[in-house]
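Q: I have a structure here, written as structure tokens, and I will follow up with some questions on it.
The values are calculated or read from the model by the stated rules, or taken from the named source; none is laboratory data. Given the structure is predicted, the values throughout are model-derived calculations rather than measurements. Virtual Cβ from ideal backbone geometry, glycine too; neighbours counted across all protein chains shown. Protein only, heavy atoms only, side chains kept; ligands, DNA and RNA dropped before computing areas. Shrake-Rupley method; radii C 1.70, N 1.55, O 1.52, S 1.80 Å.
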Amino acid sequence: MLQTIEVEIDAQGQVHPVGLGKPIPAGRALLTLLTPLANEESLLSESALAEDWLKPEEDEAWAYLQPVR
């Protein structure tokens, strides 16, 4: 039977089940690493922010930071 459980991996690489209440049974498993939530949130907001980033007003507002040509 296939079963999915949430785990945390500590700095030493030890796997700890989250909310399982008992040890993980011995056997084989597949592990999918998830990106940290902070990164996921920034990726999700990127398209919404891109609308403002691409406006000519934004280029004008930040022009003083561009190297002189």
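Q: Of the residues Leu37, Leu31, Leu49, Leu43, which single one is at pLDDT below 85 and in contact with a strand residue (DSSP E or B) (Cβ under 9 Å, 6 or more places away or on another chain)?
A: Every option except Leu31 fails the conditions.
Q: Sticking with this one: Among the numbered criteria (1) surrounded by 10 or more Cβ atoms within 10 Å (Cβ to Cβ); (2) out of contact with any strand residue (DSSP E or B) (no Cβ under 7 Å at 6 or more places or on another chain); (3) modelled with pLDDT under 80, which single criterion is violated by Ile24?
A: Here Ile24 clears every test but (2).
Q: Right, here's the next one. Taking interchain pairs and intrachain pairs at least six residues apart, which have beta carbon atoms under 9 angstrom, with the first residue in the range 20-38 and hydroxyl-bearing (Ser, Thr, Tyr) and the second modelled with pLDDT under 80?
A: Final answer for the pair search is Thr35/Leu43.
Q: Every residue in the range 43-66 that is in a loop (DSSP other than H, G, I, E, B) and open to solvent by 100 Å² or more (accessible area, probe 1.4 Å), please.
A: Leu54, Gln66 - these are the residues of the range 43-66 that are in a loop (DSSP other than H, G, I, E, B) and open to solvent by 100 Å² or more (accessible area, probe 1.4 Å).
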